[in-house]
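Below is one structure, written out as structure tokens; comments come after it.
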Amino acid sequence: MPFITETRDFVCSVCGASSEHTIITETDPPQGVPDIDLRPAEPHRGYVSYWVMECPECGYCNAMLDMPADIDREYLSSKEYLSNGGIKDISGKAAEMVKKALICVKGHSYKEAVQSYLYAAWLLDDENAEKQAKACRTAAVKIFDGHPAAFKNDPNFHILMADILRRSGEFSRVVRDYEGKAYRSQLMTAIAFFEVNLAAKGDSAAHRADEIPGVSAK
Ligand SMILES: [Zn+2]
């Protein structure tokens with residue numbers, strides 16, 4: 001059993017309604033080799049759908065509904081929120097994850113917003129919803145570009161963005177921004193090199209970390 005789930009009641013921090021949600025309470029350590037964007041290998045790939053919940057009463061989305069919201073309740077009925085930030089034809093957990101990203105932006109939690117859009121993209125990758133997954137990655141890039149101070153001293157996000165850009169089809173930008181890029185970490189330098197090579201070939205597919213030259217599977 002890779003992880004154990006439990007269903008319990010959560011009280012919404014926005015409207016006070018109580019609703020039932022399933023969360024992960026215990027997990028085995030991740031096995032196998034993750035994707036370059038750190039999406040875990042099976043059997044932990046499906047984790048992500050437990051990382052968000054929606055209040056059935058007011059529509060508030062967050063990792064846990066009892067977490068404080070950085071928004072006014074009115075925002076939950078705004079056009080932006082109800083339309084999933086303009087990303088069309090998404091539903092279920094992917095839409096909840098996009099709504100969480102919108103709330104993170106409102107609260108200036110830009111890194112968490114990028115992560116949430118990435119998680120939404122993973123869920124959409126699983127549905128083969130290519131266009132919608134791309135729209136989520138593009139939304140993540142927009143946050144990264146729009147709030148440079150939040151990401152300035154974080155090489156982890158800088159290198160993660162290489163994969164998000166490539167998977168959203170921004171090949172020339174990956175080559176321009178990452179070619180010859182050296183990081184303090186050798187692994188990151190190897191990832192940048194690998195991403196540039198894939199981008200130069202117009203490859204927007206998911207790749208595993210052990211495909212990077214010099215990186216072996218553990
Ligand atoms: Zn609520």
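A few remarks follow.
- Going from the fewest other Cβ atoms within 10 Å to the most, the residues Cys61, Cys15 appear in the order Cys15, Cys61.
- No Cys partner within the rule (Cβ under 4.7 Å), the chain: Cys61, Cys104, Cys136
- Where a label projected 7 Å from the Cα of Thr5 along Cα→Cβ would reach, residues of the range 47-63 with amide N under 14 Å: 47-54
- The loop-placed GluC sites (Glu not before Pro) in the range 89-150, going by DSSP, that have at most 16 neighbouring Cβ atoms within 10 Å of their Cβ come out as Glu127.
- Three-way shape call for the range 153-218 based on the alpha-carbon gyration tensor, with the a/c threshold at 1.5: oblate
- Cα centroid separation, the range 145-218 to the range 63-89: 30 Å.
- Between Met67 and Tyr50, the modelled label-to-label distance comes to 1.6 nm, taking each label 7 Å out from Cα in the direction of the beta carbon.
- Gyration tensor verdict on the range 1-104 (Cα atoms; rounded if a/c is under 1.5, prolate if a/b is larger than b/c, oblate otherwise): oblate
- On Cα atoms only, tilt of 110-126 relative to the major axis of the chain in degrees: 80
- Each residue, Ala190 and Ala41, gets one label point 7 Å from its Cα in the Cβ direction; the gap between the two is 1.5 nm.
- With contributions of -39500 (n - 2.57) from each DSSP H run of at least four residues, the per-residue ellipticity at 222 nm computed over the chain stands at -13000 deg cm²/dmol.
- Cα-projected label distance for Glu211 with Glu20, points at 7 Å along beta-carbon direction, nm: 4.2
None of the figures in this text is laboratory data; all of them are computed from the coordinates on show. Since the structure is predicted, the reported quantities are computational estimates derived from the model, not experimental observations. Quick reminder, even Gly has a Cβ in these numbers, built from the backbone with ideal geometry, and neighbours come from all protein chains shown.
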